[in-house]
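Since the structure comes first, as structure tokens, the remarks are kept for the end.
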Amino acid sequence: MLIPKTPNPTNLVNFRPISLCTVLYKIVTKTIANRLQNYIGRCIDSAQSAFVPGRLISDNVLIAYEILHTLRKSVLGKKVREGVLKGVKASKRGQTISHLLFADDCILFGEATKE
């Protein structure tokens, strides 16, 4: 489409060309999106949380954290029972303090043996 630059344009230099492709593209994509919206609900699983109106990707962060925490506890518990991980007890009934509790502080505990 050409828009005139001057009141009485005589040749192509006096016109300003514009493209309507982006407008046509927006109309077509909006139409397709509106038609697909009726069917997309059947295609998306109920566990999907991102890119769905009304759901946030952060909804599943707590669930993922709890799963990882449980796995980590079970792996660490197994290693403690095997004797691979040892800690220091501050009291008889107190919690065992291992190097993993201070991993971000870079405090390391070790055990010396004669071997």
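Take the alpha carbon gyration tensor of the stretch 18-75, find the square roots of its eigenvalues, order them as a ≥ b ≥ c, and report rounded if a/c is under 1.5; if not, report prolate when a/b exceeds b/c, else oblate.
Working: a/c = 5.23, a/b = 2.83, b/c = 1.85.
Prolate, since a/c reaches 1.5 and a/b exceeds b/c.
Before rounding to the nearest 500, sum -39500 (n - 2.57) across all DSSP H runs of length at least 4 in the chain and divide by the residue total; then give [θ] at 222 nm in deg cm²/dmol. All intermediate terms of the calculation are to be shown ahead of the outcome.
Numbers: 2 runs with 45 residues, N = 115.
My calculation for the chain gives -13500 deg cm²/dmol from helical runs alone.
Mind listing the long-range amide H neighbours of Phe15? Cut-off is under 5 Å, sequence gap 5 or more, other chains count too, H placed in the peptide plane at 1.01 Å from N.
Placed amide hydrogens put Lys5 under 5 Å from Phe15.
Against the longest principal axis of the chain, how steep is helix 61-82, in degrees 0 to 90 to the nearest 10, with axes from Cα atoms?
Roughly 30 degrees between the two axes.
Mind listing the long-range amide H neighbours of Ile97? Cut-off is under 5 Å, sequence gap 5 or more, other chains count too, H placed in the peptide plane at 1.01 Å from N.
When sequence neighbours closer than 5 places are left aside, the close amide H contacts are Val88, Lys89, Ala90.
Multiply the residue gap between Lys89 and Ile67 by 0.36 nm, knock off their C-alpha separation, and tell me the result in nm, one decimal place. Present the calculation step by step, with values, prior to reporting the outcome.
Values: separation 22, 0.36 × 22 = 7.92 nm, distance 2.78 nm.
Once the chain is fully extended between Lys89 and Ile67, it gains 5.1 nm.
No value in this document is a laboratory result; all are computed from the given coordinates. Just so it is clear, the structure is predicted and the values come from calculations on it, not from any experiment.
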